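**Q** The structure's right below; bear with me while I get my questions together.
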Amino acid sequence: MMDDSISRRRFVQATGLASAVALAGCSGGDGGDGSDGGDGDGGSDGGDGGSGSMGTLEVLHGWTGGDGAKAAEELTTVFEEQHPDIETEFNPIGGGGNENLDAVVANRLQSGDPPSSFANWPGPNLLRYEGALGTVDDVWADAGFEDVMVDEAVDLHKQGGSFRAVPLGSHRLNCLFYNIDVVEEAGVDPDSLDSVSAFADALDTVATETDKIPMTHGMQGTWTTTQLWAAMMLGQEGFDAYMNFIGGDGDESSVRATFETTATVLENYINDDASTIGLTGSNENIINGEAAFIHQGNWAAGAYRNAEDFAYDEDWGFVPFPGTDGMYTLHFDSFLYPSNNPSPEASKTWLEFVGSEDAQIAFNQFKGSIPTRTDVSMDQFGPFLQETAEDFANAEARPPTLQHGLAVEREKMTALNDVISSEFTGPYNVDAATSGFMDAI
């Protein structure tokens with residue numbers, strides 16, 4: 001999976017999972033005024049284990065397959081080429097929706113054994129680590145990141161008035177991908193799908209006219225269905241209804257209507273093995289020509305790029321999720337900086353690299369995401385990601401992703417997923433799911 005020829009790099013696959021724990025107040029700091037263990041001036045914050053030594057840089061991330069492994073390999077290879085003096089240990093921890101990574105990180109932080117840095121999401125998601133993150137204001141200032149990052153990246157990477165993380169790339173969540181051969185066999189034109197109802201009609205046509213899966217879906221984890229529900233709400237009920245919901249002022253009738261439509265799709269048009277497969281297995285149905293459509297973030301396109309003989313506009317295509325044209329549902333991949341850092345100098349060197357042009361080109365072109373920097377040439381990114389960057393720049397609205405930490409804090413996101421798990425994985429209890437979502441938010 002990774003490049004074993006680089007002997008200095010140790011890629012460690014975590015084999016056990018720690019239980020998730022509360023983090024407030026752990027790993028130094030009081031979580032109140034931005035002070036978190038003595039690193040406010042960019043100096044020492046826990047020591048690096050030796051005078052004059054940068055210490056071993058240990059980085060945890062969740063990219064172990066599909067769209068992520070190649071992107072992570074490219075990212076870490078470029079870093080080691082540019083910083084051969086830093087001893088590195090990049091640890092990939094697999095699991096859908098970062099669940100396994102989150103559990104390992106939580107345990108490490110709670111036990112006072114933080115990694116140098118770890119991949120995660122900014123925005124309200126940072127609240128789960130309140131008191132456990134150090135400041136990287138000096139990294140942002142020295143690298144001039146505020147001048148080159150998109151506005152949302154600047155705002156969402158702060159906590160308590162200080163920067164706690166650095167963005168690596170931006171994913172779009174309101175995506176509908178399709179296999180061109182399958183939709184042509186069905187006689188469906190994806191460009192005509194301007195509403196959720198039109199999409200439902202198209203799924204019915206695929207079911208009637210072909211023996212293919214109308215929409216492939218993986219439900220091994222609940223996050224995929226929560227994510228689909230959010231896309232359905234944006235497409236069917238609109239931007240204002242979605243923003244009101246995540247803001248705690250949702251309209252019950254809009255929430256219910258979204259669950260009704262989502263239930264219709266899940267009951268009638270997805271693959272029979274959906275409950276036993278995850279994102280990667282589901283996406284393979286598009287690559288193998290077994291399914292017409294899939295809703296996913298644009299990381300799905302990263303898997304397509306890495307597949308053999310599967311070309312954009314020849315074998316697969318993309319449209320915004322029906323009803324969301326003009327929107328870019330926003331998501332960031334970022335790296336966070338723990339306080340009491342075991343290798344503060346090396347960690348900040350890593351974070352400055354993460355926000356660099358070289359890193360954002362190396363990672364995002366294979367991950368299916370776009371740079372968060374505004375000064376990166378898109379020449380190396382291929383036509384799909386070039387179009388994605390244009391859509392981002394021209395978007396009428398950039399609603400934050402519900403499932404991936406930008407719209408609501410972790411506790412609410414967990415509550416939403418619990419509702420999906422208990423009430424909406426088949427049978428699909430619209431009444432209970434509606435009540436559960438309203439209560440959670």
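**Q** Go through (1) more than 14 Å from THR401 (Cα to Cα); (2) surrounded by 23 or more Cβ atoms within 10 Å (Cβ to Cβ); (3) of a type in the set (Ser, Thr, Tyr) one by one and return the number of the condition TYR242 breaks.
**A** The failed condition is (1).
**Q** If I go through the stretch 204-218 residue by residue, how many of them are touching a Ser or Thr at 6+ places or on another chain (Cβ under 9 Å) and of a type outside the set (Val, Ile, Thr)? So that I can check it myself, show each step before the final result.
**A** First pass over the stretch 204-218, keeping only residues touching a Ser or Thr at 6+ places or on another chain (Cβ under 9 Å): 214, 216-218.
Next, from what is left, pick out any that are of a type outside the set (Val, Ile, Thr): 214, 217-218.
Residues meeting the conditions: 3.
**Q** Go through the stretch 251-264 and give me each residue that's more than 24 Å from the chain's Cα centre (by Cα) and either touching a residue at least 24 places away in the same chain (Cβ under 8 Å) or crowded, with 18+ Cβ neighbours inside 10 Å (or both).
**A** Step one: list which residues in the stretch 251-264 are more than 24 Å from the chain's Cα centre (by Cα), which gives 251-254, 256-257, 260-261, 263-264.
Those that are more than 24 Å from the chain's Cα centre (by Cα) and either touching a residue at least 24 places away in the same chain (Cβ under 8 Å) or crowded, with 18+ Cβ neighbours inside 10 Å (or both): GLU252, SER254, ARG256, ALA257, GLU260, THR261, ALA263, THR264.
**Q** Just to check your reading of the model, which residue among PRO92, PRO122, PRO115 is surrounded by 24 or more Cβ atoms within 10 Å (Cβ to Cβ) and farther than 24 Å from ALA415 by Cα?
**A** Values: PRO122 fails: farther than 24 Å from ALA415 by Cα; PRO115 fails: surrounded by 24 or more Cβ atoms within 10 Å (Cβ to Cβ).
Only one candidate passes the filter, namely PRO92.
**Q** If only one of THR414, THR372 is open to solvent by less than 30 Å² (accessible area, probe 1.4 Å) and among the β-branched types (Val, Ile, Thr), which one is it?
**A** On the way: THR414 fails: open to solvent by less than 30 Å² (accessible area, probe 1.4 Å).
Of the residues listed, the single one that is open to solvent by less than 30 Å² (accessible area, probe 1.4 Å) and among the β-branched types (Val, Ile, Thr) is THR372.
**Q** Starting from the stretch 194-209, keep only residues that are assigned to a helix (DSSP H, G or I), then list their pairs with residues that are at pLDDT 95 or above and among the acidic types (Asp, Glu) whose Cβ atoms are within a distance under 8 Å, requiring at least 6 positions of separation or different chains.
**A** If the second residue must be at pLDDT 95 or above and among the acidic types (Asp, Glu), the pairs left are GLU209/GLU185.
**Q** Does TYR312 satisfy the condition of being open to solvent by 30 Å² or more (accessible area, probe 1.4 Å) and among the hydroxyl-bearing types (Ser, Thr, Tyr)?
**A** Details: open to solvent by 30 Å² or more (accessible area, probe 1.4 Å): yes; among the hydroxyl-bearing types (Ser, Thr, Tyr): yes.
So TYR312 fits the description; yes.
**Q** Looking at (1) free of Cβ contacts under 8 Å to residues at least 40 places away in the same chain; (2) touching a Pro at 6+ places or on another chain (Cβ under 9 Å); (3) of a type outside the set (A, V, I, L, M); (4) open to solvent by 10 Å² or more (accessible area, probe 1.4 Å), find the lone condition where SER422 falls short.
**A** (2)
**Q** Here is a further query. So, in the stretch 288-309, exactly how many residues are closer than 19 Å to ALA207 by Cβ and open to solvent by less than 30 Å² (accessible area, probe 1.4 Å)?
**A** Result for the stretch 288-309: 6.
**Q** Related question: Can you find a residue that is farther than 27 Å from ASP102 by Cα and out of contact with any Phe, Trp or Tyr (no Cβ under 9 Å at 6 or more places or on another chain) anywhere in the stretch 214-229? Steps first, please.
**A** Step one: filter the stretch 214-229 for residues farther than 27 Å from ASP102 by Cα, giving 214-215.
Retained after the next criterion (residues that are out of contact with any Phe, Trp or Tyr (no Cβ under 9 Å at 6 or more places or on another chain)): none.
Checking the stretch 214-229: not a single residue is farther than 27 Å from ASP102 by Cα and out of contact with any Phe, Trp or Tyr (no Cβ under 9 Å at 6 or more places or on another chain).
**Q** Could I ask something else about it? For GLU284, all conditions in the list (1) closer than 17 Å to CYS175 by Cα; (2) open to solvent by 30 Å² or more (accessible area, probe 1.4 Å); (3) not in a helix (DSSP H, G or I) hold save one; what is the number of the exception?
**A** Evaluating GLU284 over (1) closer than 17 Å to CYS175 by Cα; (2) open to solvent by 30 Å² or more (accessible area, probe 1.4 Å); (3) not in a helix (DSSP H, G or I) leaves (3) as the failure.
**Q** What number of residues within the stretch 212-238 are within 15 Å of VAL188 (Cβ to Cβ) and surrounded by fewer than 24 Cβ atoms within 10 Å (Cβ to Cβ)?
**A** 1
**Q** Select, from THR349, THR324, THR388, the only residue that is hydroxyl-bearing (Ser, Thr, Tyr), assigned to a helix (DSSP H, G or I) and open to solvent by less than 10 Å² (accessible area, probe 1.4 Å).
**A** On the way: THR349 fails: open to solvent by less than 10 Å² (accessible area, probe 1.4 Å); THR324 fails: assigned to a helix (DSSP H, G or I).
None of the others qualify; the one that does is THR388.
**Q** Can you find a residue in the stretch 372-385 that is at pLDDT 95 or above, touching a Leu at 6+ places or on another chain (Cβ under 9 Å), closer than 17 Å to PRO122 by Cβ and not in a loop (DSSP other than H, G, I, E, B)?
**A** no
**Q** In this structure, is GLN365 surrounded by 20 or more Cβ atoms within 10 Å (Cβ to Cβ), modelled with pLDDT under 95 and not in a helix (DSSP H, G or I)? Explain how you work it out, then say what you get.
**A** Details: surrounded by 20 or more Cβ atoms within 10 Å (Cβ to Cβ): yes; modelled with pLDDT under 95: yes; not in a helix (DSSP H, G or I): no.
So GLN365 does not fit the description; no.
**Q** Then there is this: Please name all residue pairs, on different chains or six or more residues apart, with Cβ atoms under 8 Å, provided the first residue is in the stretch 288-305 and is outside any helix (DSSP H, G or I) and the second residue is among the basic types (Lys, Arg) and open to solvent by less than 10 Å² (accessible area, probe 1.4 Å).
**A** Correct list of pairs: GLY297/ARG172; ASN298/ARG172.
**Q** Looking at the stretch 78-134, which of its residues are among the charged types (D, E, K, R) and within 26 Å of THR401 (Cα to Cα)? Give the derivation first.
**A** Step one: filter the stretch 78-134 for residues among the charged types (D, E, K, R), giving 80-81, 85, 87, 89, 99, 102, 108, 113, 128, 130.
Result: GLU99, ASP102, ARG128, GLU130.
The values are calculated or read from the model by the stated rules, or taken from the named source; none is laboratory data. Computed from a prediction, not measured in an experiment: that's the story for all the values here. Neighbour counts run over all protein chains shown; Cβ positions are idealised from the backbone, glycine included. Ligands, DNA and RNA are excluded from the accessible area calculation, which covers all protein heavy atoms including side chains. Shrake-Rupley method; radii C 1.70, N 1.55, O 1.52, S 1.80 Å.
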